[in-house]
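Here is the structure we will look at, set down as structure tokens.
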Amino acid sequence: MALHEGLRAAPHRALVLGPVLAQVWRPHPALVHMISGALKDCSVPQSRASEPPMRETRVGRPECIACATGPDLADWRRIGTAQGHAAPAPKKRPDAVDLWVALAAARHGSAVIFTSDPDDIRAYLAVLNPPDVLVVAV
């Protein structure tokens, strides 16, 4: 939560991709309460009820091209191809949602991914090969 608090000053809100939200949302009141609180400062790209990815500035609100344009067929194919080349942790199968997180970070550039599965995300990033994505274990 401390890391999340630090992101409040950034011009681009923290992103939670829709499939990630769907994976973690569980019917446990304490978990839902915690996630709901954190989501208030995040953007779920291309979701109607979500906060916009970019915060308002004195001259208006800029747009984030990566957030405004969803994945296209080439992105989904790239994810599928990466699943075939990635080497996730032993006894784990490639995960398309984690790959979409890695690709979304690569599309944004200079991104940081906070994850409980850093080895898997690093395996996917090794295939995608972005120059400037950082993975932080939480």
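The values are calculated or read from the model by the stated rules, or taken from the named source; none is laboratory data. Quick caveat: nothing in here was measured; it's all calculated off a predicted structure. Reconstructed Cβ throughout: ideal geometry from the backbone, glycine too, with neighbour counts over all protein chains shown. With ligands, DNA and RNA removed, areas are computed over all heavy atoms of the protein, side chains included. Shrake-Rupley method; radii C 1.70, N 1.55, O 1.52, S 1.80 Å.
Of the residues that make up the stretch 16-36, is at least one touching a Lys or Arg at 6+ places or on another chain (Cβ under 6 Å), on the phi < 0 side of the Ramachandran plot and part of a loop (DSSP other than H, G, I, E, B)? Spell out the reasoning first.
Applying the first criterion (touching a Lys or Arg at 6+ places or on another chain (Cβ under 6 Å)) to the stretch 16-36 yields none.
Within the stretch 16-36, not a single residue is touching a Lys or Arg at 6+ places or on another chain (Cβ under 6 Å), on the phi < 0 side of the Ramachandran plot and part of a loop (DSSP other than H, G, I, E, B).
Can you name the residue in the stretch 109-138 that is more than 19 Å from Trp76 (Cα to Cα) and in contact (Cβ under 8 Å) with a residue 40 or more places away in the chain and is also most open to solvent (accessible area, probe 1.4 Å) among such residues?
Only one residue tops the list, namely Val138.
Out of curiosity, is Leu103 within 22 Å of Leu7 (Cβ to Cβ), in contact with a helix residue (DSSP H, G or I) (Cβ under 7 Å, 6 or more places away or on another chain), free of Cβ contacts under 8 Å to residues at least 40 places away in the same chain and not in a loop (DSSP other than H, G, I, E, B)? Walk me through how you get there before you give the answer.
Details: within 22 Å of Leu7 (Cβ to Cβ): yes; in contact with a helix residue (DSSP H, G or I) (Cβ under 7 Å, 6 or more places away or on another chain): yes; free of Cβ contacts under 8 Å to residues at least 40 places away in the same chain: yes; not in a loop (DSSP other than H, G, I, E, B): yes.
So Leu103 passes the test.
When you check Glu51 against the structure, is it at pLDDT below 95, among the acidic types (Asp, Glu) and farther than 18 Å from Val136 by Cα, yes or no?
Values: at pLDDT below 95: yes; among the acidic types (Asp, Glu): yes; farther than 18 Å from Val136 by Cα: yes.
Judged against the criteria, Glu51 is a match.
Residue by residue through the stretch 8-23, note down the ones that are free of Cβ contacts under 8 Å to residues at least 24 places away in the same chain and surrounded by 12 or more Cβ atoms within 10 Å (Cβ to Cβ).
Leu21
Out of everything in the stretch 79-94 that is surrounded by fewer than 18 Cβ atoms within 10 Å (Cβ to Cβ) and touching a helix residue (DSSP H, G or I) at 6+ places or on another chain (Cβ under 7 Å), what residue ends up being nearest to Gln23 (Cα to Cα)?
First, pick out the residues of the stretch 79-94 that are surrounded by fewer than 18 Cβ atoms within 10 Å (Cβ to Cβ): 80-81, 83-85, 87, 89-93.
Subset that is touching a helix residue (DSSP H, G or I) at 6+ places or on another chain (Cβ under 7 Å): 83, 85, 87, 89, 92.
Numbers: Gln83: 18, His85: 23, Ala87: 22, Ala89: 19, Lys92: 16 Å.
My answer is Lys92.
Can you tell me which residue in the stretch 57-75 is modelled with the lowest pLDDT, limited to those that are charged (D, E, K, R) and open to solvent by 60 Å² or more (accessible area, probe 1.4 Å)? Outline the logic, then answer.
From the stretch 57-75, those charged (D, E, K, R) are 58, 61, 63, 72, 75; that's our starting set.
Narrowing the set further to residues that are open to solvent by 60 Å² or more (accessible area, probe 1.4 Å) leaves 58, 61, 63, 72.
On the way: Arg58: 85, Arg61: 82, Glu63: 91, Asp72: 92.
Among residues in the stretch 57-75 that are charged (D, E, K, R) and open to solvent by 60 Å² or more (accessible area, probe 1.4 Å), the one modelled with the lowest pLDDT is Arg61.
Go through the residues of the stretch 85-108 one by one and say whether even a single one is within 17 Å of Ala10 (Cα to Cα), touching a strand residue (DSSP E or B) at 6+ places or on another chain (Cβ under 7 Å) and hydrophobic (A, V, I, L, M, F, W, C).
Residues of the stretch 85-108 that are within 17 Å of Ala10 (Cα to Cα), as a first pass: 105, 108.
Still in the list and also touching a strand residue (DSSP E or B) at 6+ places or on another chain (Cβ under 7 Å): 105.
Those left that are additionally hydrophobic (A, V, I, L, M, F, W, C): 105.
Within the stretch 85-108 (the criterion being within 17 Å of Ala10 (Cα to Cα), touching a strand residue (DSSP E or B) at 6+ places or on another chain (Cβ under 7 Å) and hydrophobic (A, V, I, L, M, F, W, C)), the answer is yes, since at least one residue qualifies.
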